[in-house]
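The structure appears below as C-alpha cells.
The numbers here are math on the coordinates, done by the rules we state, and not lab data. Here the structure is a predicted model, which is why all the values come from computation and not from measurement. Every residue, glycine among them, receives a Cβ derived from its backbone with ideal geometry; neighbour counts consider all protein chains shown.
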Amino acid sequence: MHTEQRVRPATGPTRFRTADLDVARAQVTETFAEHEMTVADGRDLDFRLELAPAGLLTLGRLGYGADVRIAGPPMRYCYHVNLPISGENTVEQNGVKRTSMAGRSGIAMLPNSPLTMWWTPEGDQHAIKLPKELLETHAAKLAGRPAGECIRFALEFDLTGPQGRALQATTRFLSTELNRPGGLATMPAARHEMESALMTQLLVTIPSQLTPELHGRPTHTRTSRIREVVEYVDAHPDAELTTADLAARAGIGARALQIGFQELVGMTPREYVRGVRLDQVRIELNAGARPITAVAAKWGFFHPGKFAQQYRARFGLLPSDTSRRVDTPSA
C-alpha cells in the first residue's frame with residue numbers, strides 16, 4: 001500500500017502519489033475538473049501525478065494503477081486532451097464512445113457536455129487542459145475566423161500519422177522541459193511560444209469544423225500582406241511572433257500564411273523567425289555579449305545542442321567559434 005506523497009516546490013513541478021481515493025479525487029478536481037471516481041472490485045489505487053509548473057496550459061502526466069471509472073459534469077471553461085503513454089482509456093461524451101490506445105489514438109473532450117471515462121491499471125497518459133477562451137482565440141487567428149466560436153473536436157483522433165507523431169513528440173518535449181530544473185519554466189517567452197506551438201498542433205491534428213481552413217490551400221495568397229509580415233518580423237524580432245499571431249496580423253489563415261511565406265521567402269514562418277533571431281544572437285556575440293547560453297535563451301533558444309546545430313546550419317560555424325574570434329585578438 002502506497003502512502004500519500006506530495007512534492008510541491010515553490011517554482012518547480014508537483015509530484016503527487018496516493019492510494020487514498022478521496023485524496024486522489026480532490027487532487028484531480030483541483031488540477032483538471034470536477035468529477036466522481038470509483039475503483040472496480042475494491043482494488044488498491046496507486047494514483048500518480050506529475051504536474052508541470054503553471055503556465056497558459058495545464059500539462060500533467062498521470063495514472064491510477066487500477067480499473068477506474070470517472071464521471072464528470074460539463075467542464076464549461078476548458079477543453080481537455082488525453083494522449084496515452086501506456087495502456088488504454090475509454091471515454092464517452094455526447095452519445096459517442098471511443099477507446100484510445102498508446103501510440104494509436106488520443107481523446108479530445110469538449111467543454112459543454114458531461115463525460116464518462118474508464119482507465120485501465122496500466123493506463124498512463126499526458127493530460128492537457130486548455131482554457132476555452134485561450135484555445136478558441138488561438139484557433140480563430142489560425143483559421144482567419146472571428147473569435148468566440150466553439151471548436152467541435154472529434155472525440156478520438158489518430159496519432160499514427162506524421163501530425164500525430166509530431167504532437168506526441170512536442171508534448172513529451174514540453175513536459176520534460178517544464179519539469180527540468182532551469183528548463184522552460186524559467187523562460188516565460190520561450191515557454192509561451194512552445195505552448196502556442198502545441199495548441200497549433202492540437203488544432204491541426206484533431207479533426208473539427210476548422211479542419212478545411214487549417215489544411216486546405218487558399219485560392220490566392222496576398223503577397224503584399226505576407227511582405228508586410230516579413231518586414232514586421234525583421235523590425236521586431238523580440239515581439240510575439242507565433243504563427244497564429246502573424247496570421248492574425250496578416251488578416252489571413254495560418255495555411256495561407258504558410259504558403260505565402262514559402263512562395264515569398266522559401267521557408268515557413270517559424271523557420272524565418274528562427275533565422276532572424278539567430279541573426280540577433282550572432283550580432284550580440286560579435287559585440288561581446290556572454291555567456292552564450294544566456295544570449296541564446298534571450299532570443300528563445302533554450303536547448304543548447306539544438307541551438308548550436310541551427311546556428312551552424314545558418315552561419316557555417318558554432319556559436320563558440322564566433323565567441324572565440326571576438327575574444328582572440330588578431331596578431
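Using the Cβ-Cβ distance between residue 31 and residue 286 with R0 set to 45 Å, the FRET efficiency from 1/(1 + (r/R0)^6) comes to roughly 0.45. Between residue 96 and residue 320, what is the label-point separation in nm under the 7 Å Cα-to-beta-carbon projection? In this crude spin-label approximation the distance works out to 5.2 nm.
For segment 211-327, the alpha carbon positions stretch 52, 24, 20 Å along the principal axes, listed from largest to smallest. With the simple spin-label model, which puts each label point 7 Å out from Cα in the Cβ direction, the residue 133 to residue 71 separation comes to 3.2 nm. To the nearest Å, what is the center-to-center distance of segment 257-272 and segment 140-175, using C-alpha atoms only? So the separation of the two Cα centres works out to 21 Å. Summary value for segment 5-205: 19 percent relative contact order, contacts being C-alpha pairs under 8 angstrom separated by 6+ residues.
The lysines within cross-link reach of residue 141, meaning a Cα-to-Cα straight distance under 21 Å and a gap of 8 or more places when in the same chain, are 129, 132. Check the straight Cα-Cα distances from residue 306 and name the lysines below 16 Å, setting aside those fewer than 8 residues away within the same chain. Partners found: 298. Between residue 189 and residue 176, the simple spin-label model (points 7 angstrom out along Cα→Cβ) gives 2.5 nm.
Where a ≥ b ≥ c are the square roots of the eigenvalues of the C-alpha gyration tensor, would you call the chain rounded, which needs a/c under 1.5, or, failing that, prolate if a/b is larger than b/c, or oblate? Verdict is oblate for the chain.
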